[in-house]
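Enquirer: I have a structure I would like to understand better, so I am pasting it below and will then ask my questions one at a time.
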Amino acid sequence: MITGYATSEGTSNFAKRSQLAAKDHFKQFNGLTLSSIGIGTYLGNVDNKTDDLVKDAIKKSVLSAINVIDTAINYRAQKAERSVGKAVSELVEEGKAKREELFISTKNGYITNDGDVNEEFWEYIQNTLIKPGIIRSDDISSGYHCMTVPYLKQQLNQSLKNMGLDCIDLIYLHNAVEGQLQDISKEDFMKKLKDVFEFYEGQRKDGIVRYYGMATWDCFRVPKEHPQHILLSDLIRLAKEVGGSDHGFRFIQLPYNMYLDQALTLKSQIANGFEASILETAINLGIGVFASVPLMQAKLLGPNMIPEFGGLPKPAHRALQFVRSTPGIIAPLVGQKSVNHVNENLELVKFSPLSNIEFTELIKKLTS
């Protein structure tokens with residue numbers, strides 16, 4: 001069991017000894033020093049070979065000035081979390097990193113089986129969750145999602161076990177709006193969400209998680225008249241109701257890249273009484289944002305997909321540079337496993353993100 005969590009001193013020390021990193025590669029948020037590129041662990045086969053690839057990619061990334069690691073219990077049927085745990089354990093044992101230097105997030109909410117248990121999906125759900133009384137079958141939404149507190153508690157404990165940690169820096173409720181609102185009203189959803197936030201606040205008091213948030217797909221990127229639209233300010237209000245001003249709701253995750261650009265361009269939120277984008281609103285409310293699918297699962301890497309800018313010859317670098325330079329984004333989360341992809345993506349660590357002025361000029365160029 002690895003003890004501890006990301007600290008202000010630990011993450012600052014990580015940045016100071018990262019000799020490869022360019023100026024401004026690290027960003028400050030809520031007292032933490034976080035790399036402007038993070039490693040994601042979503043895709044891959046459910047096998048031991050992929051376990052080793054993911055573990056090695058995480059270790060290589062950490063040794064190349066990346067201290068943001070993102071996973072989820074349902075990624076690769078729990079094996080992604082185990083790969084994270086093995087990587088962190090080896091880094092700590094080898095003296096190459098300390099737990100307090102690494103910011104580790106995971107997600108719970110989706111129903112998942114276990115890739116290391118030889119049972120069919122529903123057989124596993126019956127034996128592990130329904131028969132022991134952790135959930136009822138009608139707790140599972142049509143989107144294979146569950147947000148009852150007993151289920152989330154079981155999943156959080158399993159995530160800790162999978163990664164060999166006693167504390168998780170950030171726990172997300174995973175695609176809850178998208179996974180629930182096709183079955184229940186928004187009013188009922190917010191009632192259930194309040195129970196979840198109360199649970200997370202209790203876990204914070206017990207030292208099991210440091211922060212919580214929501215990993216999303218649509219709800220922050222759709223127009224306000226869309227049935228899945230959610231105001232970030234409503235979530236903050238809910239967090240304050242259950243956790244006070246020192247509540248732990250501090251992060252969200254959403255898809256964002258040069259083509260899925262609604263987080264930047266769509267004015268569907270409210271900030272200071274005016275319509276604003278989700279990124280403007282997050283800045284205003286002090287919420288950190290991590291970006292998923294920055295390469296759109298490699299779809300942006302084809303010929304002529306990403307316009308040239310910044311003297312970066314590789315499309316992967318330009319795609320990541322666009323995301324990591326966007327005001328309000330802490331880091332894109334890059335899924336990478338193959339040695340070639342890991343090495344290529346990590347080259348960007350040597351380049352500074354665009355300044356706000358440079359990013360504004362780039363947007364003018366792209367939209368002219």
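The values are calculated or read from the model by the stated rules, or taken from the named source; none is laboratory data. Predicted, not measured: the structure shown is a model, and the values here were computed from it. Using ideal geometry, Cβ is built from the backbone for each residue, glycine included, and neighbour counts are taken over all protein chains shown. Note: areas computed on protein heavy atoms with side chains; ligands, DNA, RNA excluded. Shrake-Rupley method; radii C 1.70, N 1.55, O 1.52, S 1.80 Å.
Enquirer: Does the range 187-207 contain any residue that is assigned to a strand (DSSP E or B) and open to solvent by less than 60 Å² (accessible area, probe 1.4 Å)?
Expert: Within the range 187-207 (the criterion being assigned to a strand (DSSP E or B) and open to solvent by less than 60 Å² (accessible area, probe 1.4 Å)), the answer is no, since none of the residues qualifies.
Enquirer: Working only within the range 23-39, note down all residues that are surrounded by 15 or more Cβ atoms within 10 Å (Cβ to Cβ) and more than 27 Å from Asn157 (Cβ to Cβ).
Expert: Our first condition is that a residue be surrounded by 15 or more Cβ atoms within 10 Å (Cβ to Cβ); within the range 23-39, this holds for 25-27, 29, 32-39.
Listed by number, the residues that qualify are His25, Phe26, Lys27, Phe29, Thr33, Ser35, Ser36, Ile37.
Enquirer: Here is a further query. Kindly provide the set of residues from the range 322-345 that are in contact with a helix residue (DSSP H, G or I) (Cβ under 7 Å, 6 or more places away or on another chain), assigned to a helix (DSSP H, G or I) and open to solvent by less than 10 Å² (accessible area, probe 1.4 Å), ordered by number.
Expert: Matches in the range 322-345: Val342 only.
Enquirer: Look at Val177 and say whether it is more than 18 Å from Tyr211 (Cβ to Cβ), aliphatic (A, V, I, L, M), open to solvent by 10 Å² or more (accessible area, probe 1.4 Å) and part of a helix (DSSP H, G or I).
Expert: Against the criterion (more than 18 Å from Tyr211 (Cβ to Cβ), aliphatic (A, V, I, L, M), open to solvent by 10 Å² or more (accessible area, probe 1.4 Å) and part of a helix (DSSP H, G or I)), Val177 does not qualify.
Enquirer: Something else about it: In the range 239-250, what residues are over 21 Å from the mean Cα position of the chain (by Cα) and either in contact (Cβ under 8 Å) with a residue 24 or more places away in the chain or crowded, with 17+ Cβ neighbours inside 10 Å (or both)? Full working, then the answer.
Expert: Applying the first criterion (over 21 Å from the mean Cα position of the chain (by Cα)) to the range 239-250 yields 240-246.
Passing the criteria: Glu241, Val242, Gly243.
Enquirer: Here is a follow-up. Out of all the residues in the range 52-67, which are open to solvent by less than 10 Å² (accessible area, probe 1.4 Å) and either closer than 19 Å to Leu160 by Cβ or without any contact (Cβ under 8 Å) to a residue 24 or more places away in the chain (or both)?
Expert: If the condition is that a residue be open to solvent by less than 10 Å² (accessible area, probe 1.4 Å) and either closer than 19 Å to Leu160 by Cβ or without any contact (Cβ under 8 Å) to a residue 24 or more places away in the chain (or both), then Val54, Ile58 are the ones that fit.
Enquirer: Pick out the one residue from Tyr75, Tyr42 that is within 25 Å of His145 (Cβ to Cβ) and surrounded by fewer than 21 Cβ atoms within 10 Å (Cβ to Cβ).
Expert: Tyr42
Enquirer: Right, next: Have a look at Leu156, Leu129 and point out the one that is of a type in the set (A, V, I, L, M, F, W, C) and either surrounded by fewer than 20 Cβ atoms within 10 Å (Cβ to Cβ) or closer than 30 Å to Phe29 by Cα (or both). Spell out the reasoning first.
Expert: Numbers: Leu129 fails: either surrounded by fewer than 20 Cβ atoms within 10 Å (Cβ to Cβ) or closer than 30 Å to Phe29 by Cα (or both).
It is Leu156.
Enquirer: Report, by residue number, each residue of the range 208-218 that is out of contact with any Gly (no Cβ under 7 Å at 6 or more places or on another chain), assigned to a strand (DSSP E or B) and aromatic (Phe, Trp, Tyr).
Expert: none
Enquirer: Quick one: which of Pro294, Pro327, Pro227 is in contact (Cβ under 8 Å) with a residue 24 or more places away in the chain and more than 26 Å from Ile357 (Cβ to Cβ)? Break it down into steps so the answer makes sense when it comes.
Expert: On the way: Pro294 fails: more than 26 Å from Ile357 (Cβ to Cβ); Pro327 fails: more than 26 Å from Ile357 (Cβ to Cβ).
Within the list Pro294, Pro327, Pro227, the selection yields Pro227.
Enquirer: Just name the residue that is least open to solvent (accessible area, probe 1.4 Å) out of those in the range 1-17 that are touching a helix residue (DSSP H, G or I) at 6+ places or on another chain (Cβ under 8 Å) and among the hydroxyl-bearing types (Ser, Thr, Tyr).
Expert: Thr11
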